[in-house]
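J.: First the structure, which I've put down as structure tokens, then a few questions once you've had a look.
The values are calculated or read from the model by the stated rules, or taken from the named source; none is laboratory data. This is a predicted model, so every value here is computed, not measured. A quick note on method: Cβ atoms are made from the backbone with ideal geometry, for glycine too, and the neighbour counts reach across all protein chains shown. The accessibility values were calculated without ligands, DNA or RNA, using every heavy atom of the protein model including side chains. Shrake-Rupley method; radii C 1.70, N 1.55, O 1.52, S 1.80 Å.
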Amino acid sequence: MPKIYFIDVTNRDGVQTAKLGLSKLEKTLLNMYLNELGVFQSEFGFPTTKHETNYLSANLELARMGVLAPIRLEGWIRAIVADVETAFERLPDLKHLNLSISTSDQMINGKFGGRKDHFDIIADMVAAVEAARQHGAESIGVNAEDASRTKLEYLIEFGRAAKEAGADRLRYCDTLGYDDPFTIYDSIKALAQKVALPIEVHCHGDLGMAVANSVAGAKGAVDGGQDAYINTTVNGIGERAGNADLVATVLALTKSKGMAGKYELGDNIDLSRAWKIAKFASYAFDVPIPINQPGVGDNAFAHESGIHADGVLKDPQNYELYGFRELGRGVPEIVETGREIGAGEYSGISGFSHVMGKMAVSFASKQEANEILELVRYANVESHKPLIEDQLLFIAKYPKIVKKLLTLTPLE
Ligand SMILES: [Zn+2]
């Protein structure tokens, strides 16, 4: 039976969202957490965007070192040869790519204004897939942007051409959140059967159905005989009303009436990391987790009314579908209520050594301590908020990598 995998796109769809962003160190830490949680792949950024180059290159280096493994790091570019050339010029070690192009009449007419027709779209995509293969790409996903508003016959033709050119997966993008669980199930099942490629399911929440549509789409792919790759973001952060939330989608696939035990995950997801990654993304994006968020919201395991509190005390299963420990909750967190010494962009060596000493980190020499402190200052300049313990530890452990990813020199 085909399986369901996760491709997290927080570091692409999440960071391109209006009013929101992450520093390069925050993006890197998110890749680390996604790896720990066990997702198959992180869409880790934009290979043709100049300021991403050092960050992407540093993360590819972490992959080579075995630090970011087994997670796959995949870049998002447009499905045109020029983008493929630029991507490999800047990042010769890039192994995984998703190539994106619009397929709906609305977007072909509305964006290209007669300069490109349906035939040109397929020709551009095919040429881009072939170029990526020539440059040594190990896996290639082809994204049909606005697939949900694209005629199914054309989508099948597009998918078959992608397969013939050597693509490994077809991404069905419900770019505007237009699908519902019933329509996306039918469309993706037909695509899986007629194109015979694994299908990526990319859903947005404009009508409040991103998670439901992702589950239904994945079911359609599996029922159609193909693996499914669900695109998620941490806390559902993404364009406009957001994407399918990672934790909620994992819960839906593993706990819901029609999916639990009937459909199999391809990834070894460690849900006990959910709490940590959700809290980190909330802090890094500076967006609070809604109180009623599935699994990780403040109220996800809170009971107050008489009948509910009594029932859950007698047996949690009376009013809880899953336990809080499964999500990594229930561990006391230390909040400093007295004197605080922090590490930031204007810190000195004394305060910094005190902070690191509290985490049992010591340095071989004064010079080493000064070098790490310098990187901490720069990291703080970029993020404008206190670095968390994991960031400080990461900097102390991988100073060369951090130096690279913090280096923002405008390219010619
Ligand atoms: Zn999207």
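J.: For Asp390 and Val312 in the same chain, what is the full-extension length gain: residue separation times 0.36 nm, less their Cα-Cα distance, in nm?
T.: Numbers: separation 78, 0.36 × 78 = 28.08 nm, distance 3.50 nm.
Working it through step by step, the gained length comes to 24.6 nm.
J.: Can you figure out the FRET efficiency of Ala190 with Glu164, using R₀ = 25 Å and their beta-carbon distance, to the nearest 0.05? Don't skip to the end; give the middle numbers.
T.: Details: r = 18 Å, r/R0 = 0.74.
Working from the Cβ atoms, E equals 0.85.
J.: Which of the lysines could be linked to Lys3 by a straight reach, that is with a Cα gap under 30 Å, when you skip same-chain ones fewer than 8 residues away?
T.: Of all the lysines, those that pass the test against Lys3 - Cα under 30 Å, at least 8 places apart if same chain - are Lys27, Lys95, Lys151, Lys163, Lys189, Lys194, Lys219, Lys255, Lys257, Lys262, Lys276, Lys279.
J.: Compute the distribution of all C-alpha to C-alpha distances in the chain, in bins of 10 Å from 0, and list the percent of pairs in each, rounded to whole numbers.
T.: Each 10 Å bin holds this share of Cα pairs: 5, 21, 30, 24, 13, 6, 1.
J.: Report, to the nearest whole %, how much of the accessible area of the stretch 223-348 belongs to carbon and sulfur atoms, 1.4 Å probe, protein only.
T.: Details: 3540 of 7050 Å².
Of the solvent-accessible surface of the stretch 223-348, carbon and sulfur hold 50 percent.
J.: Which percent, nearest 5, of DSSP beta bridges in the chain are antiparallel? Walk me through the numbers before you get to the answer.
T.: Numbers: 1 of 38 bridges.
Rounded to the nearest five, the antiparallel share is 5 percent.
J.: Looking only at Ala218, Ala127, Ala228, which one moves most when the chain is put into a Gaussian network model with springs between Cα atoms under 10 Å?
T.: Ala127
J.: Provide the gained length on full extension for the span Glu345 to Phe182, in nm with one decimal, where the gain is 0.36 nm per separating residue minus the Cα-Cα distance. Write out the running numbers ahead of the final one.
T.: On the way: separation 163, 0.36 × 163 = 58.68 nm, distance 5.18 nm.
Result: 53.5 nm gained on full extension.
J.: If you average the sequence gap of Cα pairs under 8 Å that are 6 or more apart and divide by the length of the stretch 1-137, what percent do you get for the contact order?
T.: Values: 175 pairs, mean separation 28.2, N = 137.
It rounds to 21 percent for the stretch 1-137.
J.: Right, something else. With the convex hull built on the Cα atoms of the stretch 133-181, state its orientation-averaged projected area in nm².
T.: Mean shadow area of the hull around the Cα atoms is 3.9 nm².
J.: Next up: Can you give me the accessible area per residue for the chain, using a 1.4 Å probe, in Å²?
T.: Ligands and nucleic acids excluded, the figure is 46 Å² per residue.
J.: If you bin the C-alpha pair distances of the stretch 196-323 every 10 Å from 0, what whole percents do you get?
T.: Result returned by the calculation: 12, 38, 34, 15, 2, 0.
J.: Enter the mean projected area of the convex hull around the alpha-carbon atoms of the stretch 103-245, in nm², rounded to one decimal. Could you put the intermediate results ahead of the total?
T.: Working: hull surface 32.7 nm².
Taking the Cα atoms of the stretch 103-245, their convex hull projects to 8.2 nm² on average.
J.: Hey, quick one: spin label on Glu382, modelled 7 Å out along Cα-Cβ, who in the stretch 333-352 has an amide N within reach, i.e. under 17 Å?
T.: 344-346
J.: To continue, here is another question. For the stretch 10-134, just the Cα set please: Rg and Dmax, both in angstrom.
T.: Both quantities, over Cα of the stretch 10-134: 15.7, 47 Å.
J.: Here's a follow-up. So what's the stretch 315-394 giving for Rg/Rh, alpha carbon basis, Kirkwood Rh from the mean inverse pair distance?
T.: Dividing the radius of gyration by the Kirkwood radius yields 1.19.
J.: Which whole-number percent of Cα pairs in the stretch 258-398 have a distance greater than 18 Å?
T.: Values: 6754 of 9870 pairs.
The share of Cα pairs beyond 18 Å in the stretch 258-398 comes to 68 percent.
J.: Turning to a different aspect of this structure: In whole percent, how big is the carbon plus sulfur part of the accessible area of the stretch 89-191, probe 1.4 Å, protein atoms only?
T.: Values: 2200 of 4400 Å².
That fraction is 50 percent.
J.: Taking the chain as a Gaussian network, Cα atoms linked when under 10 Å apart, which of Val247, Val287, Val15 shows the biggest mean-square fluctuation?
T.: Judging by the Gaussian network model, the answer is Val287.
J.: Could I have the simple spin-label model distance between Ala123 and Thr409, label points 7 Å from Cα toward Cβ, reported in nm to one decimal?
T.: Taking the two extended label points, one gets 4.1 nm.
J.: Taking only Cα atoms and a 10 Å spring cutoff, compute GNM fluctuations for the chain and point out the largest among Ala260, Ala147, Ala196.
T.: Result for the chain, Cα springs under 10 Å: Ala260 fluctuates most.
J.: Same structure again: Near Lys400, which aspartates and glutamates are there with a Cα under 15 Å away, not counting those fewer than 8 places off in the same chain?
T.: In chain and number order, the partners are Glu61, Glu368, Glu371, Glu374.
J.: Moving on to the next point. Order 336-346, 355-365, 17-27 from most to least packed using the mean count of other Cβ atoms within 10 Å. The partial results should precede the final answer.
T.: Numbers: 336-346: 10.8, 355-365: 13.0, 17-27: 18.3.
Descending packing order for the listed peptides: 17-27, 355-365, 336-346.
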